[in-house]
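Below is one structure, written out as structure tokens, with a few remarks after it.
The values are calculated or read from the model by the stated rules, or taken from the named source; none is laboratory data. Since we're looking at a predicted model, the values are computed, not measured. Using ideal geometry, Cβ is built from the backbone for each residue, glycine included, and neighbour counts are taken over all protein chains shown. Heavy atoms of the whole protein, side chains included, go into the accessibility calculation; ligands, DNA and RNA do not. Shrake-Rupley method; radii C 1.70, N 1.55, O 1.52, S 1.80 Å.
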Amino acid sequence: MFIINRLSKLNNKSCIFKHLSTKPTQEHTQELVNVERLTNDDKGADLKERLKLPPSDVGRRVSEIRNLANVIENVPVPVIAAVDGAALGGGFELALSCDFIVSASNSIFGLVETRLGIIPGAGGTQRLARVVGGSLAKELVYTARLFNAQQALQYGAVNRVNEQNEEGTSAYMCALQIAREITPNGPFAVKMAKKAISHGLQVDINNGCAIEEFCYSQTIPTKDRIEGLLAFVEKRKPIYTGS
């Protein structure tokens, strides 16, 4: 399980990524947290730096962010984006590559690239359209409009909006709560559910159901399926192993 928490200033000078993974244990609450401030060559979309880059390097940098978004999208376990601040441009694109987004009430969103004479290049034109619909995505991208958390919720771009707390971690805490709801469930079943939904969205309903059938079939021979049935009959919590 991964939670990606992006905190960034509006001027994009600095950003912080928090990565949290929860692994199934007897208590289902083991947490590994790393916090890293990205600087120098590790910064993603520094606009002042872009002025000094030749066109070939600009394309390479954008490709790196696009590839990162694709890697996040293809992580086989759930990935939750927690936005406790601003998610603009590439930051919003990375959030859109997650399974879903939870937001603090003071967060701001937007794909603002057309203001700079470019377009979103890390999958934003594709993922935003799939989330909010083509017509609304066009309006938001064409206008480079900023929108707040409540508007993002109304558009369907985020799942939840929580009032920001004094520590500035409201979205992160919400994501952690959701992660803790997921971890007691069968880890392999959750992976197959993600695969069925994510792949099924890319095809028509008939092919989507065929994908679901295949993913369901993968759970049948697992020990976790038997454990789930036994736990239900014995009226106890299941102990899943992911096998």
Check your understanding: What ³J(HN,Hα) values, in whole Hz, does the Karplus curve 6.51 cos²θ - 1.76 cosθ + 1.60 give for the stretch 226-243 when θ = phi - 60°, with x put for Gly and Pro?
Key -> 5, 4, x, 5, 5, 5, 5, 5, 8, 6, 9, 6, x, 10, 8, 10, x, 10
Point to revise | Within the stretch 76-118, backbone nitrogen closer than 19 Å to the virtual label 7 Å beyond the Cα of N148 toward Cβ | key: 83-88, 102-111
Study note, to complete from the structure: Amide H neighbours of V158 at under 5 Å, excluding residues fewer than 5 places away on the same chain, with H built from the backbone geometry, are L153
**Study point:** Heavy-atom accessible surface of the stretch 101-243: percent carbon and sulfur, 1.4 Å
**Key:** 57 percent
Practice item. Under 14 Å from the Cβ of N159, count the other residues' Cβ atoms, weight Lys and Arg +1, Asp and Glu -1, and hand me the total. Key: -1
Practice item. Keeping all protein chains in place, calculate the accessible area per residue for the stretch 92-224 (probe 1.4 angstrom), answer in Å². Key: 53 Å²
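State which entries of K195/K237; K191/K235; K52/K194 exceed 32 angstrom in Cα-Cα distance in the structure shown.
Numbers: K195/K237 25 Å; K191/K235 25 Å; K52/K194 41 Å.
Violating the 32 Å Cα-Cα cut-off are K52/K194.
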Review point. Taking the Cα-to-Cβ direction at E167 and at V233 and moving 7 Å from each Cα, how far apart do the two end points lie in nm?
Key: 4.4 nm
Revision key, fill the gap. Ranked output for segments 71-79, 195-203 by mean other Cβ atoms within 10 Å, highest leading, reads 71-79, 195-203
**Study point:** Amide proton proximity set for T169, modelled H, under 5 Å, gap of 5+
**Key:** none
Review point. HN-Hα J couplings of the stretch 95-109 from phi, Karplus 6.51/-1.76/1.60, θ = phi - 60°, integer Hz, Gly and Pro as x?
Key: 4, 5, 7, 7, 5, 6, 10, 10, 9, 7, 5, 9, 6, 10, 10
